[in-house]
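Reading through the structure tokens given below for one structure.
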Amino acid sequence: MLKRFLIFFWVLVAVGGFGNNLIMLPYITNDIQYSRLRDKLYAIVDAIDQEYGNQLIEINILTGAVERSLFVGSVPALMRLT
């Protein structure tokens, strides 16, 4: 039992030590992609959302703020970063 507790404790310390960020998006999204090149998160927001409905948004992963948005039309879309 003590062995399992120590393993669990060290896993928590290791995961917490790398500075993982959790961003809670207040949007209903169809697709989310992360760009390592730009260090940004891209999401296509569902039409239900009043502020960013049917738009592709660029999110700063450090602040969680939307930096840019682009209207993609009323047809559901999926992203592919190249």
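The values are calculated or read from the model by the stated rules, or taken from the named source; none is laboratory data. Everything quoted here is computed from the prediction, not taken from an experiment. Positions of Cβ are backbone-derived with ideal geometry, glycine not excepted, and every protein chain shown enters the neighbour counts.
Being part of a strand (DSSP E or B), of a type in the set (Phe, Trp, Tyr) and touching a Phe, Trp or Tyr at 6+ places or on another chain (Cβ under 8 Å) is the filter here; which residues of the range 32-82 pass it?
Going residue by residue through the range 32-82, those that are part of a strand (DSSP E or B) are 32-35, 40-45, 55-60, 66-71.
Of the ones still in play, those that are also of a type in the set (Phe, Trp, Tyr) are 34, 42, 71.
Correct list: Tyr34, Tyr42.
What tally of residues in the range 1-31 results from selecting those that are at pLDDT below 75 and not in a helix (DSSP H, G or I)? If you could, list the steps in order and put the result at the bottom.
Just the residues of the range 1-31 that are at pLDDT below 75, to begin with: 1-24.
Filter again for not in a helix (DSSP H, G or I), leaving 1, 18-24.
Summing the residues that are at pLDDT below 75 and not in a helix (DSSP H, G or I) in the range 1-31 gives 8.
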